[in-house]
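Novice: Let me give you the structure first, and then I'll get to my questions.
The values are calculated or read from the model by the stated rules, or taken from the named source; none is laboratory data. Note that the structure is predicted; figures quoted are calculated from it, not measured. Every residue, glycine as well, gets a Cβ built from its backbone with ideal geometry; the counts of neighbours run over all protein chains shown.
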């Protein structure tokens with residue numbers, strides 16, 4: 001898979017070389033350019049980025065620590081596969097962490113935050129590309145909890161989101177998924193505007209539960225297993 005254009009883009013940013021390489025590979029994984037189970041060969045990546053193998057190795061170590069890739073003896077590095085059960089766990093943890101962050105974020109939100117969130121929703125409405133919708137989905141969630149001022153928690157939530165990101169693409173390809181997701185986002189935003197922390201948290205809980213259940217059910221269906229009951233993901 002040719003990611004040379006993506007590599008060129010990230011290398012123009014002002015960051016450490018391994019960090020830039022990790023950004024590029026991460027984005028390729030999240031967008032599905034590297035499929036689950038695909039082998040990532042250091043020599044090929046080095047050629048794509050126009051670098052030696054040293055920064056590639058360091059970038060792969062970073063991505064392995066994030067759980068996006070796995071290294072096997074005598075097999076190399078492969079893009080991680082996630083089972084329905086693992087994705088289910090990801091959403092359970094996200095519900096707990098994001099609900100906590102949102103509760104602390106709501107009192108600190110400003111008019112500028114509300115305008116930014118509304119703008120993201122408008123962009124999502126007008127963008128037909130499922131990959132872009134998935135990325136904008138995270139932009140909304142990130143902007144929703146950023147005012148809480150909890151950078152470590154935000155990083156953890158971002159990593160959890162990345163585990164399930166590629167599976168969000170499956171959801172956004174479904175005709176009704178995007179509409180339901182946007183409705184959920186707007187209900188959460190309205191509760192935040194009203195400074196109603198309980199309603200905002202309840203809306204977030206329902207939104208993540210429905211999204212998680214939909215993705216898990218799709219994965220189980222693909223694996224020819226019984227669909228997850230809609231009420232399965234309920235912890236908050």
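Novice: Can you tell me which of 211, 146, 200 is touching a residue at least 12 places away in the same chain (Cβ under 8 Å), within 15 Å of residue 114 (Cβ to Cβ), over 11 Å from the mean Cα position of the chain (by Cα) and buried (at least 21 other Cβ atoms within 10 Å of the Cβ)?
Specialist: Values: 211 fails: within 15 Å of residue 114 (Cβ to Cβ); 146 fails: buried (at least 21 other Cβ atoms within 10 Å of the Cβ).
Unique residue meeting the criteria: 200.
Listed here are the residues, each with its yes/no results for (1) over 22 Å from residue 163 (Cα atoms); (2) out of contact with any helix residue (DSSP H, G or I) (no Cβ under 8 Å at 6 or more places or on another chain); (3) without any contact (Cβ under 8 Å) to a residue 24 or more places away in the chain.
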{"site": "48", "(1), (2), (3)": "yes, no, no"}
{"site": "51", "(1), (2), (3)": "yes, no, no"}
{"site": "55", "(1), (2), (3)": "yes, no, no"}
{"site": "81", "(1), (2), (3)": "no, yes, no"}
{"site": "90", "(1), (2), (3)": "no, no, no"}
{"site": "102", "(1), (2), (3)": "no, no, no"}
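Novice: Which numbered condition trips up residue 155, out of (1) surrounded by fewer than 20 Cβ atoms within 10 Å (Cβ to Cβ); (2) within 18 Å of residue 97 (Cα to Cα); (3) touching a helix residue (DSSP H, G or I) at 6+ places or on another chain (Cβ under 9 Å)?
Specialist: (3)
For every residue, the table says whether it meets (1) within 22 Å of residue 216 (Cα to Cα); (2) modelled with pLDDT under 90; (3) surrounded by 14 or more Cβ atoms within 10 Å (Cβ to Cβ).
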position: 15; (1), (2), (3): no, yes, no
position: 30; (1), (2), (3): yes, yes, yes
position: 41; (1), (2), (3): no, no, no
position: 45; (1), (2), (3): no, no, yes
position: 58; (1), (2), (3): no, no, yes
position: 70; (1), (2), (3): yes, no, yes
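Novice: Checking the condition touching a strand residue (DSSP E or B) at 6+ places or on another chain (Cβ under 8 Å) and at pLDDT 90 or above, which residue from 90, 79 passes? Walk me through how you get there before you give the answer.
Specialist: Values: 90 fails: touching a strand residue (DSSP E or B) at 6+ places or on another chain (Cβ under 8 Å).
It is 79.
Novice: Residues being over 22 Å from residue 205 (Cα atoms) and not in a helix (DSSP H, G or I): count how many of those fall in segment 130-151.
Specialist: Going through segment 130-151, the residues over 22 Å from residue 205 (Cα atoms) turn out to be 130-132.
Within this subset, residues satisfying the condition of being not in a helix (DSSP H, G or I) are none.
Going through segment 130-151 one residue at a time, the tally reaches 0.
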